[in-house]
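Asks: Dropping the structure in here first, questions after.
Derivation of every value follows stated rules applied to the coordinates shown; laboratory data play no part. Given the structure is predicted, the values throughout are model-derived calculations rather than measurements. We place every Cβ from the backbone using ideal geometry, glycine too, and count neighbours over all the protein chains shown.
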Amino acid sequence: MSDAELPLIATADEHLLDDALRWCAAVGVIPEVAADLTSARRSWRRAPLVIVGEDLAERMAQAEMPRRDHVLLVTDDASKWWSTAVRLGAGGVFVRAEEERILEALASALDGRGEACLVSVVGGSGGVGASTLAASTALTAGRRRLRSLLFDADPLGGGLDLVLGSERAEGVRWRDLDSTRGRLSAGSLSDVLPVHSGVATLSWDRTSEASLPDSVPSVLTAAVRGFDLVVADVPRHLDAHGVDILGRSVLTVLVVAEEICALGAARHVLSRLEACTASIAVVSVSRSRGIGTTAVADALGHPVHTRHRFDRRIRGSVDRGHGPGMSRSARRTSAALLDVLGLAT
């Protein structure tokens, strides 16, 4: 962020200034400070966000400052300041004790982008290729010039970085984010993740026990603000983190093999998904002499959005560190999913 894009804190209250500096540090920025109306006016237009203390709010409202977005009026008693906030053009009145709400507003304004499409991919049974499809979807999005992130939410899945072939790429893993507290900015997250073949990955290392940390909600919030597409590999045995990810997803992809036993397992998984997410797309995976898409759709009560042709060469490609990107069938299926999301070429 350049000097011309520093957020502005407009207050002469030392206690509020201390709080505001701490909030800005929590989202990874160093602000400009104005202790009077004249200083605040100089930076009012160019700052991406302005925090206005109650000590200056009334004078700034009387000065008829130009209207702008992302103005936060911070006070100890919100009920007394709504009229001033309206005249000032503030987007809201924030009580100093509401730190989570303030940090959310700061992150939203400073990230400077809307939320990405969050897509969850869940296997209806084991070994159906859900992780591979997740990786392929992120790769296909990268070819469409979209900033994509592979979000590994399956501690027992072996690691999406291995699927993608990015295990040697430098960057942070889940272990490094285990102690993250407070709000994580989108910029700070995207800057430190490993990138391979144009795709960022948040996965596991092989040096410690894999488990999702308590920081998952904060990390996911930063992820959807820092990328155009986030593809999450979610285990079918849903925990609290999985339920949260599914609830925030614009689309949940259920990958089902065209086999009787796999279909039986997928029915149980689907019942859990329907309790967590509203939009479900079924992808069936072809099998030699399998039951076909009609049987899958009838048994699940969901139409098959896309039929994925099984490619036996993918496993060898992944084992050699090349990832699934060379598979035409994987690219076709991934493209169909991106098309339904409106993420065109």
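Asks: Mind ordering 21-33, 287-299 by average Cβ neighbours within 10 Å, highest first?
Replies: Highest to lowest by the protection proxy: 21-33, 287-299.
Asks: On to the next question. Going toward the positive end of the dipole of the stretch 225-345, with +1 on Lys and Arg Cβ and -1 on Asp and Glu Cβ, which of G323, H241, V296 do you reach last?
Replies: Farthest towards the positive pole: G323.
Asks: I need L251, L338 ordered by Cβ neighbour count within 10 Å, fewest first. If you can, show how the numbers build up before the last one.
Replies: Working: L251 18, L338 22.
Lowest to highest Cβ neighbour count: L251, L338.
Asks: Compute the Cα gyration tensor for the stretch 1-97, then decide on rounded, prolate or oblate, letting a ≥ b ≥ c be the square roots of its eigenvalues: rounded whenever a/c is under 1.5, prolate when a/b is larger than b/c in the other cases, and oblate in all that remain.
Replies: oblate
Asks: Additional query: Could you point to the label whose value was computed as Rg/Rh (Cα atoms, Kirkwood Rh) for the structure here, given (i) 1.08; (ii) 0.99; (iii) 0.94?
Replies: So the structure-derived entry is (i).
Asks: In addition: Short version: ³J(HN,Hα) in whole Hz for each residue of the stretch 157-167, in order, from phi by Karplus 6.51 cos²θ - 1.76 cosθ + 1.60 (θ = phi - 60°), x for Gly and Pro, what are they?
Replies: Karplus-based 3J(HN,Hα) across the stretch 157-167 equals x, x, x, 5, 5, 5, 5, 7, x, 10, 5 Hz.
Asks: Ordered by residue, what ³J(HN,Hα) values in Hz, to whole numbers, does the stretch 60-76 give under the Karplus form 6.51 cos²θ - 1.76 cosθ + 1.60, where θ = phi - 60° and Gly and Pro are x?
Replies: Here the 3J(HN,Hα) series is 5, 5, 5, 6, 6, 4, x, 5, 7, 8, 6, 10, 10, 8, 10, 8, 9 Hz.
Asks: Something else: Which distance in Å, rounded to a whole number, links the C-alpha centroids of the stretch 83-145 and the stretch 206-235?
Replies: Cα centroid to Cα centroid, the span is 12 Å.
Asks: Here's something else I'd like to know. Highest GNM mean-square fluctuation, the chain, Cα pairs closer than 10 Å: which of T252, T84, T207?
Replies: T207
Asks: What is the sum of charges, Lys and Arg at +1 and Asp and Glu at -1, for the other residues whose Cβ falls under 11 Å from the Cβ of K80? Write down the numbers at each step before the final one.
Replies: Working: positive: none; negative: E54, E58, D76, D77.
Net of charged neighbours comes to -4.
Asks: Picking from L110, T84, L72, whose Cα lies most toward the positive end of the charge dipole for the stretch 25-174 (charges on Cβ: Lys, Arg +1; Asp, Glu -1)?
Replies: Result: L110.
Asks: Quote the charge dipole size of the stretch 62-173 about the Cα centre in Debye, to the nearest 20; the model charges only the Cβ of Lys and Arg (+1) and of Asp and Glu (-1).
Replies: So the magnitude is around 540 debye.
Asks: While we're here: Under a Cβ-only charge scheme (Lys and Arg +1, Asp and Glu -1), can you give me the dipole magnitude of the chain about the Cα centre, in debye to the nearest 20?
Replies: 1960
Asks: Helix 14-26 versus the longest principal axis of the chain: what is the Cα-based angle in degrees, 0 to 90, to the nearest 10?
Replies: Its long axis makes an angle of about 20 degrees.
Asks: Helix 130-143 sits at what angle to the longest principal axis of the chain, using alpha carbons and giving 0 to 90 degrees rounded to 10?
Replies: 60
Asks: So how strong a dipole does the stretch 13-64 carry about its Cα centre when Lys and Arg Cβ are +1 and Asp and Glu Cβ are -1, to the nearest 20 debye?
Replies: Details: 6 positive and 10 negative charges, 86 e Å.
With Lys and Arg at +1 and Asp and Glu at -1, about 420 debye.
Asks: Applying a 10 Å radius around every beta-carbon, put 6-13, 76-83 in order of their mean neighbour count, most first. Display every interim value, and only then the final one.
Replies: On the way: 6-13: 22.0, 76-83: 13.0.
My ranking of the peptides, most packed first, is 6-13, 76-83.
Asks: Still on this structure: Could you tell me which residue out of V230, S120, L133 lies farthest along the dipole of the chain toward its positive end? Charges go on the beta carbon: Lys and Arg +1, Asp and Glu -1, centred on the Cα centre.
Replies: Result: L133.
Asks: Compute the angle between helix 216-226 and the longest alpha-carbon principal axis of the chain, please, reported from 0 to 90 degrees and rounded to the nearest 10.
Replies: It is inclined by approximately 80 degrees.
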